[in-house]
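Structure, as structure tokens:
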Amino acid sequence: MRVLGRTLALAATLVLVLTLAAPANAADTIRLAVQKTGTFSWELAAIRGAGLDKEAGLSLEVTELASTEAGKIAMRAGSADIILSDWLWVSRERGLGAKLTFYPYSSALGAVMVPASSPIKTLADLKGRKLAVAGGAIDKSWLLLQARMKQDGIDLKSQATIVYGAPPLIAAKSLDGEMDASLNFWNFCAQLEAKGFRRLAGIEEILPKLGAKGAVAAVGYVFDENWAGTHKDAVARFIAMTRKAKELLASSDAAWDKVAPLTGTADPALLKTYRDRYRDGIPRRSINDEETDARVLYRVLAEIGGRELVGPAAELDPGTFYHAVPGD
């Protein structure tokens, strides 16, 4: 009986030790809602290829979605911990009571593209031309472009023929020669660039004229601040992991071997353009600098886009940017 008692006691002790040790060894799970064709999937490929998720002690549970809007729905429904979106949407959601917060992912923005042989040499030359705009009438890049041109006394909305459409359609019509110029998302601009089109102006180039001091990350990781408060260490490890992935993609061409199959192309010229433009958009500024410029641009967008874009708030919500990260 004594032997049996000692055996049972030893077994109980072993179970207790293993139970206590399990949380320390188990990876924290983070649920990600990712647009299947988006660049977040590129970053995740680099993370998994280099084992950065395991190094960070994270288990990434990825749900692929068809659009960014689907990601927003997933966030609202509580079925995702982190999505990609912009600080404008986060600020508006906060005004409606959802305490979301934002951490920079990319400053890559769209551009005005024209055929290589186009007589259009400056933005002022867009007057009287047919300009295709991706994303609709309240697309941020389009509003920023309008604001910049109004500084020069040009109202593009009334002084040019504007055609709205989905990004792939705008790119296709541009290639077919149906448009004099187009304003599209950065990855579709890269496709045109690889086909010989010329960048008339990148949206990032006009931001200083609107008051920004540097490159502004328009897109970021978005999560609930209450969730972040109870998972602060996991969030810090997630952000550190994504920084390592970006540095890997910035410095290693070989790391792009994992990304290439996700881009939808085998064209070396287009792959190089994707790589270069992605690298250009890697955020390298402090959160305070990012937030300061976002506040400036928010006012510009609120003035030209109105309540339809930003809701009732005239200023960026104070909690929009996430600051609880070491080194920021």
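Here are a few things to note about the model shown:
- Any hit, the stretch 109-120, residues being over 22 Å from the mean Cα position of the chain (by Cα), assigned by TED's automatic domain parsing to the domain that holds Asn226, farther than 25 Å from Arg275 by Cα and without any contact (Cβ under 8 Å) to a residue 60 or more places away in the chain: no
- Candidates Ala124, Ala132, Ala98: the one that is within 30 Å of Gly214 (Cα to Cα), surrounded by fewer than 18 Cβ atoms within 10 Å (Cβ to Cβ) and not assigned by TED's automatic domain parsing to the domain that holds Asp276 is Ala124.
- For Thr265, the test of being surrounded by fewer than 19 Cβ atoms within 10 Å (Cβ to Cβ), among the β-branched types (Val, Ile, Thr) and under 20 Å from Thr37 (Cβ atoms) is passed.
- Within the stretch 297-328, if we keep just the residues that are hydrophobic (A, V, I, L, M, F, W, C), in a helix (DSSP H, G or I) and more than 19 Å from the chain's Cα centre (by Cα), the residue that is farthest from Val216 (Cα to Cα) turns out to be Ile304.
- Selection count where residues are touching a residue at least 24 places away in the same chain (Cβ under 8 Å), part of a helix (DSSP H, G or I) and of a type in the set (D, E, K, R), scope the stretch 151-182: 1
- In the stretch 49-61, the qualifying residues are those that are surrounded by 15 or more Cβ atoms within 10 Å (Cβ to Cβ) and either in a strand (DSSP E or B) or without any contact (Cβ under 8 Å) to a residue 12 or more places away in the chain (or both), and the one that is nearest to the chain's Cα centre (by Cα) is Leu60.
- Residue in the stretch 254-262 that is of a type in the set (Val, Ile, Thr) and either in a helix (DSSP H, G or I) or free of Cβ contacts under 8 Å to residues at least 24 places away in the same chain (or both) present: no
The values are calculated or read from the model by the stated rules, or taken from the named source; none is laboratory data. Everything numeric here is computed off the predicted structure, so don't read it as measured data. Backbone-built Cβ (ideal geometry, glycine too); neighbour counts: all protein chains shown.
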